[in-house]
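Asks: Please find one structure pasted underneath; my questions will follow.
FYI, it's all coordinate maths here, none of it is from the lab. This one's a predicted model, so the numbers in the text were calculated from it and none came from an experiment. Using ideal geometry, Cβ is built from the backbone for each residue, glycine included, and neighbour counts are taken over all protein chains shown.
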Amino acid sequence: MSKLVTLYTKPGSCGQCTSTRRSLDGAKIPYQEIVVNPSDKQSIDELKLIAKKLGEPETMPYVMVLDLDTEDTDGWFGYRPDKIDALELEIAGMPGGQE
């Protein structure tokens with residue numbers, strides 16, 4: 001079982017984006033970062049739909065976690081150290097680990 005983590009951030013100074021990035025790095029969780037520019041209306045609209053579906057505020061960053069085995073996705077908006085800690089434990093508990 002392995003996870004693919006994608007971090008959607010906004011350009012410039014974004015405190016929650018920076019905190020999320022630092023926490024993922026500190027937990028040694030590999031991720032791909034995608035910077036969503038204000039001019040990218042399609043991506044912004046898609047993120048708004050995801051936030052509405054999850055019942056969460058549209059606060060950047062958005063972290064999407066894809067389970068590569070089951071193709072299930074999980075995600076959250078904003079800086080969520082609790083979610084990052086849980087993801088770190090989940091990855092560490094995987095056979096073979098993702099280190």
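Asks: What number of residues within segment 4-21 satisfy the criterion of being buried (at least 16 other Cβ atoms within 10 Å of the Cβ) and assigned to a helix (DSSP H, G or I)?
Replies: So the count comes out to 5.
Asks: Follow-up. Looking at Asp45, Asp69, Asp25, Asp74, can you tell me which residue is of a type outside the set (Val, Ile, Thr) and touching a residue at least 12 places away in the same chain (Cβ under 8 Å)?
Replies: Within the list Asp45, Asp69, Asp25, Asp74, the selection yields Asp69.
Asks: Out of all the residues in segment 1-57, which are acidic (Asp, Glu) and over 19 Å from Pro81 (Cβ atoms)?
Replies: Scanning segment 1-57 gives Asp40, Asp45, Glu46.
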